[in-house]
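Please treat every number below as a calculation from the coordinates, not as lab data. Nothing here was measured: the structure is a model prediction, and the numbers come from that model. All Cβ positions, glycine included, derive from the backbone under ideal geometry; neighbour counts span all protein chains shown.
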Number of protein chains: 2
Amino acid sequence: MTDNKKKPEWVPENASNGFTTEIVKGIDQNDASGSARKFVKKKGRTTEEYAQGIRNGNRTILAQAITLVESNAKRHEEQAQAVINEILPYTGNSIRIGITGVPGAGKSTFIESFGSYLCEQGHRVAVLAVDPSSSVTGGSILGDKTRMETLARNKNAFIRPSPSGGTLGGVNRKTRETILLCEAAGFDVILVETIGVGQSEVVVRSMVDFFLLLVLTGAGDELQGMKKGVMELADAILINKADGDNRQRAKIARAEYNRILHYLQPATKGWSSKAYTASALYHEGMEEMWKIILRFVDTTKESGAFTERRNAQTKDWIHAMIKDYLETSFFSHPSIKTKLPTLENKVVQGELNVTTAVKELINLFEA
Amino acid sequence: MTDNKKKPEWVPENASNGFTTEIVKGIDQNDASGSARKFVKKKGRTTEEYAQGIRNGNRTILAQAITLVESNAKRHEEQAQAVINEILPYTGNSIRIGITGVPGAGKSTFIESFGSYLCEQGHRVAVLAVDPSSSVTGGSILGDKTRMETLARNKNAFIRPSPSGGTLGGVNRKTRETILLCEAAGFDVILVETIGVGQSEVVVRSMVDFFLLLVLTGAGDELQGMKKGVMELADAILINKADGDNRQRAKIARAEYNRILHYLQPATKGWSSKAYTASALYHEGMEEMWKIILRFVDTTKESGAFTERRNAQTKDWIHAMIKDYLETSFFSHPSIKTKLPTLENKVVQGELNVTTAVKELINLFEA
């Protein structure tokens, strides 16, 4: 291969995308304010310091390690991998829960209420987000700050905004590695929220044990706008805002959703996905939801489906990273970038056949 | 890149998979009996002869050209591409219809009945099949022979069994190029049947204008066994065997399917997929089905969705072939084949992190 080929994001030559300048909630502001980039530079911790700090549950060091993982700079990336290798034996012991929802379904209110309930029960809860659009919007941190005020103040909770910048593949890797760091720091429930843009649900499904879909009452109208295939990923559907005048409608929606779920193949082998109702605003249904998740974990651990999925997720991740790399190498190759649109148009116009066009491109790439 | 990398199927070094030894129905047996492999060798037609013969609607030459396209031998492949380039200006003028169905829904009976109806109306109908499993089963031709006896005897119909051997990517290319050859030979309706194995529905959807799903009465039970996501690909659902005692159940199933379709996003922009009933065995509902397809074509041609989809399909095809090539190059590389399972297991066992494993593999590949 020539040197012309642009490296994909996860083996970058230099930091170009910048970092989030805001810092995670739940960390002492004096300790973690200012630019994350400067931060990494200034305090050059050793790999051992990072690993030990994380293992000790030091939230500041955990946040810095996540920043390291999110960095697109090559020198950071190398140390990040060294840190992950150190903490690897202490990972995997959480329940990883993915959460998605139709717009307006109240994802933040649910995470706030559900996360607070779990903390009360003695759990340690990390909240992460996958948002491939954050490179455009500058990250969802502003949202997170105001969205989950109570949970953010809880010392057993750790809220980390989505990594900014980069491809879905990059966000994917950063989030997976952040899950590992949080697990090593002792968080036993990881909530991964998806913003619902592009393929983000599929990406989150590929890194969690349990996937929850939040919806509203009024299934009929809402389903029309629901993203294709999302329902088929869900291990449970939670009809939120089942309070006040909405209770009756929520019941009807629940029956309706159960009816549809009946037609779909189960998202997880040996588990039948069902619809439930809750009111996150009034903290109703949180305990029930947690019991369902625990029953899910018991059932799938007993059947082996739990471990099977985690192992398959790991292997899929390897393959996805390789494919990402191969495609990025090819499609960002200068000659390909120049020639592809021309050849595509020729084929569409019927002037050239597909196989010949593809061969020409491959010859260019391998030249 | 080194020479070690195995070429993917569509740029093969030599013919290894062999050909179907049976010949398509609808062709004079004296003209086309015996091994197709010998056939291509013996009569070395020029590219011009192929192109002219196809354009003249010579069925024997069409069949030979398809055999050429299906060949995995490099010398055949080059000429096949030359032939396709010659006939390219005369392609694209058919309605391409994909047909899939649950087992037992009566695909063959439907194609027989529907195809015969179209021939009566003066259309020329080509029937192709995508069956990525045919490399194992030895092709579905035996089935095809007995399945569509009436249609096979019709001089306006051309039935071609699925290409044998090779990957889904290879079958995909061969079928797409066969569509082009049939169009140049004057067939104005192309029916592409999917056997329903693996990803074959998605592949067929990616090469046709209209996608039809055949089902049986008794939606509830049947849907449980239906492949995930297939319903969302369909521009229409046809409930077959709506005859005799089944009529009433078919009506109920129709309402049921329409209800579910209501919840799904349309397979085609601006077209609302609906369920219909028919009895292929008694030749009922064939005219109605054809009218629906014509209305679909009118609607989508007017809105631009028709051309948009065809252009997108062509571009996707280019990208899919490139990705196929890149992945085959990588995963069939001897060093990768040796090392991948070991590294995968190390990662699954928690002894190595994913990013490091992937880097090691890429270094091996690029060495």
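What the table shows:
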item: Nitroxide proxy distance, nm - points 7 Å out along Cα→Cβ at residue B:188 and residue A:149; result: 7.0 nm
item: Label geometry 7 Å along the beta-carbon vector: residue A:265 inter-copy distances in nm; result: 2.0
item: Fraction of antiparallel bridges per DSSP, the stretch B:97-303 only, in percent to nearest 5; result: 5 percent
item: Under 5 Å, built H, 5+ apart or other chain: amide partners of residue B:99; result: B:192, B:193, B:194, B:212
item: Chain A Cβ-axis minimum, rotational copy B, residue and distance in Å; result: A:326, 2
item: Distance violations [Cα-Cα > 28 Å] among B:155/B:301; A:241/B:227; B:74/B:227; B:227/B:269; A:174/A:315; A:227/B:241; result: B:155/B:301; A:241/B:227; B:74/B:227; A:227/B:241
item: Residues residue A:49 and residue A:288, FRET efficiency given R0 of 51 Å [Cβ-Cβ distance, rounded to 0.05]; result: 0.75
item: Ordering of A:345-356, B:175-186 by burial proxy (mean other Cβ atoms within 10 Å per residue, highest first); result: B:175-186, A:345-356
item: Per-residue average of Cβ from other chains inside 10 Å of A:313-319; result: 5
item: Residue mean of other protein chain beta carbons inside 10 Å, B:254-262; result: 1
item: Nm distances between copies for residue B:122, ranked from closest, using label points 7 Å along Cα→Cβ; result: 8.3
item: Whole-Hz couplings from phi, Karplus 6.51/-1.76/1.60, listed for the stretch B:48-65; x for Gly and Pro; result: 4, 4, 4, 4, 5, x, 5, 4, 7, x, 6, 5, 5, 5, 4, 4, 5, 5
item: Farthest toward positive dipole pole in the stretch B:69-119 [+1 Lys/Arg, -1 Asp/Glu at C-beta], among B:109, B:94, B:82; result: B:109
item: Over the stretch B:97-303, equivalent-ellipsoid semi-axes from the Cα gyration tensor in Å; result: 25, 19, 18
item: Label spacing, shortest first and in nm, from residue A:243 to its equivalents in the remaining copies (7 angstrom along Cα→Cβ); result: 6.0
item: Spin-label pair residue B:93/residue A:337, simplified geometry with 7 Å Cα→Cβ offset, distance in nm; result: 4.2 nm
item: At most 11 other Cβ within 10 Å, DSSP loop - trypsin sites (Lys or Arg not before Pro), the stretch A:41-97; result: A:43
item: Peptide B:48-58, shielding by other chains (average Cβ, 10 Å cutoff); result: 0
